[in-house]
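Asker: Shown below is the structure under consideration.
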Amino acid sequence: MKQAIRNFMKYRYLLSELIIKDIKLKYRRSYLGILWTLLEPLLTMLVLTVVFSQIYNRQDKLFPVYILTGRLLYSYFGNATKAAMKSIRKNGQMIKKVYVPKYIYPLASVISQYITFLISLIVLFVVSLVLKLQPTKYMIGAIVPLLILPVMVLGIGLILATLAVFFRDLEYLWGVVLMIIMYCSAIFYEPSRVVKNGFGWILDINPLYSLIINFRNTVIYGQPFDMQALTYSIVFSVASLIIGVWMFYKNQDKFILNI
Amino acid sequence: MGNTVIKVDHVGMEFRLSSEKVDNLKEFIIKKIKRQLTYEGFWALKDVTFEVEEGDRVGILGLNGAGKSTLLKLIAGVMKPTEGTIKTKGRIVPLIELGAGFDNQYTGAENIYLYGAVLGYSKEFIKEKYKEIVEFSELGDFIHVPVKNYSSGMKARLGFSIATVVDPEILILDEVFAVGDAKFRKKSEKKIKSMFKDGVTVLFVSHNIEQVKRICNKAIVLEKGTLIASGNVEEISEFYEKKIK
C-alpha cells in the first residue's frame, strides 16, 4: 500500500500531463476550440427539445432544463467509459517500452472527461437562468450525484479497460449497451410513462438513472434526495470501483502480452 | 566494488502462443464451449541466473530470438517474469526503441514534458533541463513542430536527448548507437562514454562483437533462452565467435 502511494506520487506529474494532453488535443484543430464543450450540449438540447416537445405535445417551460440534466450526465458517462476502455490499447506502444503504472491511463481519461463535463455544466447554469428556474436550498445537494458519478465511471472504466485488452469486440458491444442505457435513463421522456406500463424496474436498476433522478430532484424540483436511488448509486459505485481495481490489478501484468 | 546492483535469479518467461489468436469475445465463447482453447507455451527465457555488480558493463550476446530483448524488458520492469525474481538497485534508464512513446500530434517541446513524465522525471527537473535537451537534439526551430512531421532520425535524436539528460545508475542500451546520422552517432557515443566515467552500470545488447569488446568488460551469451556462458568480455567473445562460425 505504502509502495503504491509512493509510486503514485512519483507519477502524479505524468497523470497531470496526460490529462492536459487529452484536453489540449481534443480541441487543438477546431476553430472554436473549447467552446465546443458548451455548444455541443446546447445544440443537442435544442434538437431534442424541438423534437420531443412536438411528439409529446409538451408545453412545459423547463423541458430544456429537464433534457440537459439527463443528457449532460449521460454524455459524461458514455464518453468517459469509452475513453477509459480504449486507453490501454491506445497507449500500447508506451506500455510496451517503458514502465509506468498502467492504471494511470484510464484514470487520466476519466479525469480529463470530468473536467470538460464540469465546464459543460455552464450551459445548464445559463439555460436555467434564462428560463428563470427558481433557485432552492436543495440545489446545493446537486454536488452529491456529481461526486458519485466519476467514482462509478472509474469503476466501470477499469473493468472495461481490462476486458478490452483481451476482447477487442467489446468496444462495439459497449456502444450498444450505452445506447440501451440511454433509452433507459429517461433523458427525454417522463419516467411516469415507463412506470405506468410496468417497466419502472428498468429505471430502478439503472445506476445512471439513480444519479439523474437525484440531480433533477435537487436542481429542478427543489426536493430532497430520493434515498433509495441515492443508496443504490453509492453501493453500485463503490462495488464497481472495488471490482474494477481488483480485476485491473490481477490482470495488468498480462496486458503487455495482448496489446 | 562488490556491490550487486542487478540480481537475476532463476528467471523464466513464458509466452503463450495460441494456435490461433483469439482476441474477441465471440470466438472466445465459441471456442471455450467447443473446448478448442489450447495454448502452446513458449519459453523465451528459462532458468537464467546472473548478477551484475556496480560499474560493470555487461554485453549480452546471442542470435536473433535468443531472448536478449525479453531479458532487457524484464530488467527494465516493463514485463514481469513468469518464474524467478529480478532485483535492481538505482535509477534505470532504458534506451530501447527511442521515441516510441511520443505523441504524434504534440510538438517536440510538448513531447519533452510528456516523455519526461513517462520516464518519471518531475516537472521542475524537466524545466531545468529543457534547454539542454533541445540543444543536444539539434532540432532548432523544429522543436515547435508536431512530431508527426519529424523524420525517424529526428525522433530518435529527441528521444535520446530526453532519456540521457538524467544521470542513471543503470543504463540499458539496445543497439542505440544506430541513432541519427554519422555526426549525431558520434555525439551520442561520446555522451554514453561520458556516462561510463561516472561508474554507471551498463547492459548492452549488440550483434557487433567489436563494439561489445570496445564498450564492455563482461559479457554473457544467451542461446534459445538459456544462459550458456558468462565471464570476461575477451573469453566470452572468443567463445561466441567460435560458436557462430
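Readers should treat all values here as calculations from the given coordinates under stated rules, not as data from a laboratory. Computed from a prediction, not measured in an experiment: that's the story for all the values here. No Cβ is skipped: glycine too gets one built from the backbone with ideal geometry, and neighbour counts run over all protein chains shown.
Asker: In Å, the Kirkwood hydrodynamic radius of the range A:10-255 over pairs of distinct alpha carbons?
Answerer: Every distinct Cα pair counted, the radius reaches 19.1 Å.
Asker: Binning at 10 Å from 0, report for the range A:85-187 what percent of all alpha-carbon pair distances ends up in each bin.
Answerer: Taking every Cα pair in the range A:85-187, the percentages come to 12, 33, 31, 16, 7, 1.
Asker: For the pairs A:Lys2/B:Lys7; B:Lys224/B:Lys245; B:Lys7/B:Lys245; A:Lys21/B:Lys73; A:Lys86/B:Lys155; A:Lys96/B:Lys131, flag any whose C-alpha to C-alpha distance is greater than 21 Å.
Answerer: A:Lys2/B:Lys7; B:Lys7/B:Lys245; A:Lys21/B:Lys73; A:Lys86/B:Lys155; A:Lys96/B:Lys131
Asker: To the nearest 20 debye, what charge dipole does the protein assembly as shown have about its Cα centre, counting +1 at the Cβ of each Lys and Arg and -1 at the Cβ of each Asp and Glu?
Answerer: 640
Asker: Say each of A:Tyr221 and B:Leu63 gets a label point 7 Å from the Cα, pointing the same way as Cα to Cβ; how far apart are those two points in nm?
Answerer: Between A:Tyr221 and B:Leu63, the simple spin-label model gives 7.5 nm.
Asker: So what does log10 I(q)/I(0) come out to for the range B:99-167 at q = 0.14 Å⁻¹, using the Debye formula with one equal point on every Cα and no solvent?
Answerer: Log-scaled intensity ratios, in q order: -0.32.
Asker: Starting from the amide H of B:Thr226, placed 1.01 Å from N in the peptide plane, find each other amide H under 5 Å away whose residue is 5 or more places distant or on another chain.
Answerer: B:Lys46
Asker: Same structure again: Show me, bin by bin at 10 Å from 0, the whole-percent P(r) of the range A:212-259 based on Cα pairs.
Answerer: Using 10 Å bins, I get a P(r) of 23, 30, 20, 16, 10, 0 for the range A:212-259.
Asker: Now, a different point. Only bridges with both residues in the range B:172-245 count here: give the DSSP antiparallel percent, nearest 5.
Answerer: Roughly 65 percent of the beta bridges in the range B:172-245 run antiparallel, per DSSP.
Asker: Also, I was wondering about something else. Give me log10 I(q)/I(0) at q = 0.14, 0.18, 0.19, 0.24 Å⁻¹ for the range A:153-259, Debye formula, one equal scatterer per alpha-carbon, no solvent.
Answerer: -0.68, -0.95, -1.01, -1.29
Asker: Hey, another quick one. What FRET efficiency would be calculated for the residue pair B:Thr85, B:Lys127, taking the C-beta separation as r and a Förster radius of 35 Å, to the nearest 0.05?
Answerer: The pair B:Thr85/B:Lys127 has a calculated efficiency of 0.40.
Asker: Are there any helices in chain A, counted as whole DSSP H runs, that stretch 27 Å or more along their axis by Cα and score at least 1.0 on average by Kyte-Doolittle, and if so which?
Answerer: Those that pass (Cα extent of 27 Å or more, hydropathy at least 1.0) are A:36-55, A:104-130, A:143-166.
Asker: Also, quick follow-up: Reachable aspartates and glutamates from A:Lys102, Cα under 16 Å, same-chain residues fewer than 8 places away excluded?
Answerer: Straight-line reach from A:Lys102, under 16 Å: A:Glu17, A:Asp253.
Asker: Taking every residue in B:79-85, how many Cβ atoms of other protein chains lie within 10 Å of its Cβ, on average?
Answerer: Average neighbour count from other chains, rounded to a whole number: 2.
Asker: Follow-up question, since we're still on this one. Counting only helical runs of four or more DSSP H residues, what would the 222 nm mean residue ellipticity of chain B come to if each run contributes -39,500 (n - 2.57) and the total is spread over all its residues?
Answerer: Estimated from H runs of four or more residues: -11500 deg cm²/dmol.
Asker: Something else about it: With +1 on the Cβ of every Lys and Arg and -1 on the Cβ of every Asp and Glu, and nothing else charged, how large is the dipole of the range A:1-149 about its Cα centre, in debye rounded to the nearest 20?
Answerer: Dipole magnitude for the range A:1-149 comes out near 800 debye.
Asker: Taking H as built 1.01 Å from N, whose amide H comes closer than 5 Å to the amide H of B:Arg57, not counting residues under 5 places away?
Answerer: Residues meeting the amide H criterion: B:Val202, B:Asn217, B:Lys218.
Asker: Still on this structure, please answer the following. Among bridges DSSP assigns within the protein assembly as shown, what percent are antiparallel (round to 5)?
Answerer: Rounded to the nearest five, the antiparallel share is 60 percent.
Asker: Most fluctuating residue of B:Asp47, B:Asp141, B:Asp23 in a GNM of chain B with Cα springs under 10 Å: which is it?
Answerer: B:Asp23
Asker: Which one, A:Tyr103, A:Asn197, A:Ser128, projects farthest toward the positive side of the charge dipole computed for the range A:10-255 from Cβ point charges (K/R +1, D/E -1)?
Answerer: Result: A:Tyr103, furthest along the dipole toward the positive end.
Asker: In the protein assembly as shown, with Lys and Arg counted as +1 and Asp and Glu as -1 at Cβ, which of these residues, B:Gly59, A:Ser240, B:Ile6, has the Cα nearest the positive end of the dipole, that is, farthest along it?
Answerer: With unit charges placed on the Cβ atoms, the residue in question is A:Ser240.
Asker: In the neighborhood of B:Gly225, defined by Cβ-to-Cβ distances under 9 Å, what is the net charge if each Lys or Arg adds +1 and each Asp or Glu adds -1?
Answerer: 0
Asker: Along each principal axis of its Cα atoms, how long is chain B end to end? Whole angstroms, biggest number first, please.
Answerer: So the extents along the principal axes, rounded to whole Å, are 59, 52, 34.
Asker: Set the Förster radius R0 to 51 Å, insert the Cβ-Cβ distance between A:Leu131 and A:Gln3 as r into 1/(1 + (r/R0)^6), and round the FRET efficiency to 0.05.
Answerer: 0.45
Asker: Kirkwood Rh and Cα-based Rg: tell me the resulting Rg over Rh for the range A:1-107, rounded to two decimals.
Answerer: 1.15
Asker: Hey, in the GNM for chain B with a 10 angstrom Cα cutoff, which one of B:Lys89, B:Lys131, B:Lys80 fluctuates hardest?
Answerer: It is B:Lys131.
Asker: Over 20 Å intervals from 0, what percent of Cα-Cα pairs in the protein assembly as shown sits in each interval?
Answerer: Over the protein assembly as shown, the share of Cα pairs per 20 Å bin runs 19, 44, 27, 9, 1 percent.
Asker: Taking θ as phi - 60°, what are the ³J(HN,Hα) couplings along the range B:60-73 by the Karplus curve (6.51, -1.76, 1.60), each to the nearest whole Hz, with x for Gly and Pro?
Answerer: Here the 3J(HN,Hα) series is 10, 10, x, 6, 4, x, 7, x, 5, 5, 4, 4, 4, 5 Hz.
Asker: Magnitude of the Cβ-charge dipole of the range A:10-255, K/R +1 and D/E -1, about the Cα centre, nearest 20 debye?
Answerer: Around 800 debye, computed over the range A:10-255.
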